[in-house]
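**Student:** Before anything else, here's the structure in question.
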Amino acid sequence: MKRALKIISDVIQVHVPAISILILFLSMFLQVILRYGFKHPSPELFEISSYTFVWTVLLGAALANRFRNHIRFDVIYSKLSKKIQLLTDIVFDGLFSFLLLISLSPVIRQALWYRIIKSEVLGIPWTFLVICLPLMMVLIIIQNIVSIYKNISVLLKKTTKVAEE
């Protein structure tokens with residue numbers, strides 16, 4: 001079960017953004033060639049690059065959170081003892097997860113509401129653009145819960161493993 005969840009997580013957080021950034025790069029490359037080489041801009045490629053950019057950024061943020069590689073202002077944090085750092089991580093992960101959990105339902109409702117709006121050129125419902133936001137929120141909530149569990153285990157001396165390897 002644990003292995004299956006890891007595979008699903010890797011597909012959502014690693015492979016989908018990798019494919020998304022590849023499509024983003026190719027669509028932007030073709031846009032430049034069409035616009036400046038052939039003097040014929042492509043609005044379809046612009047929409048594709050917009051959608052893939054949003055998916056890449058949001059799922060990339062979830063991946064950064066998974067490995068704790070997000071930007072931190074840790075000047076004071078790094079001076080604290082390991083125990084206080086763990087407590088700080090638990091409090092902030094819990095608070096952030098609570099805020100994401102509170103906003104998850106309205107975000108999902110709004111994302112589903114966007115199905116009535118379609119993109120100008122390709123006619124793709126906006127739901128496909130914004131559904132990655134609640135997906136990112138759920139991934140971060142799950143990762144924070146796992147991190148809180150691991151940090152509490154370290155505090156209670158059950159294990160010494162903190163971050164995902």
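**Student:** Only helices (runs of 4 or more DSSP H) wholly contained in the range 1-116 count here; list those with 3 or more residues that are loosely packed, with under 12 Cβ neighbours inside 10 Å. I'd like the intermediate steps shown before the answer.
**Tutor:** Working: elements: 2-10, 16-32, 43-66, 82-113.
Answer list for the range 1-116: 2-10, 82-113.
**Student:** Find the residue count for the range 141-150, including only residues that are touching a residue at least 24 places away in the same chain (Cβ under 8 Å) and surrounded by fewer than 21 Cβ atoms within 10 Å (Cβ to Cβ).
**Tutor:** As a first pass, look at the range 141-150 and keep what is touching a residue at least 24 places away in the same chain (Cβ under 8 Å): 141, 143-145, 147-148.
Right, trim to surrounded by fewer than 21 Cβ atoms within 10 Å (Cβ to Cβ) and you get 141, 145, 148.
Adding up the residues that qualify gives 3.
**Student:** Determine, yes or no, whether ASP93 is free of Cβ contacts under 8 Å to residues at least 40 places away in the same chain and of a type in the set (Asp, Glu). Let's see the steps before the verdict.
**Tutor:** Details: free of Cβ contacts under 8 Å to residues at least 40 places away in the same chain: no; of a type in the set (Asp, Glu): yes.
Considered against the rule, which asks whether it is free of Cβ contacts under 8 Å to residues at least 40 places away in the same chain and of a type in the set (Asp, Glu), ASP93 comes out as no.
**Student:** If you scan the range 6-49, which residues turn out to be among the hydroxyl-bearing types (Ser, Thr, Tyr), under 25 Å from LYS118 (Cα atoms) and free of Cβ contacts under 8 Å to residues at least 24 places away in the same chain? Before you say what the answer is, go through the steps one by one.
**Tutor:** The first filter runs over the range 6-49 and keeps only residues among the hydroxyl-bearing types (Ser, Thr, Tyr), leaving 9, 20, 27, 36, 42, 49.
So of that shortlist, the ones also under 25 Å from LYS118 (Cα atoms) come out as 20, 27, 42, 49.
Selection gives SER42 alone.
**Student:** Right, another one. Quick test for you: out of LEU112, LEU129, pick the one residue that is over 17 Å from the mean Cα position of the chain (by Cα) and at pLDDT below 95.
**Tutor:** Criteria check complete, one pass: LEU112.
Matching residues to (1) under 20 Å from LEU5 (Cβ atoms); (2) of a type in the set (Phe, Trp, Tyr); (3) touching a Cys at 6+ places or on another chain (Cβ under 8 Å):
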position	(1), (2), (3)
ARG68	yes, no, no
TYR77	no, yes, no
LEU95	no, no, no
TYR149	yes, yes, no
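The values are calculated or read from the model by the stated rules, or taken from the named source; none is laboratory data. Owing to the predicted nature of the structure, the values given are computational and were not obtained by experimental measurement. Note: ideal-geometry Cβ built from the backbone for every residue, glycine included; neighbour counts use all protein chains shown.
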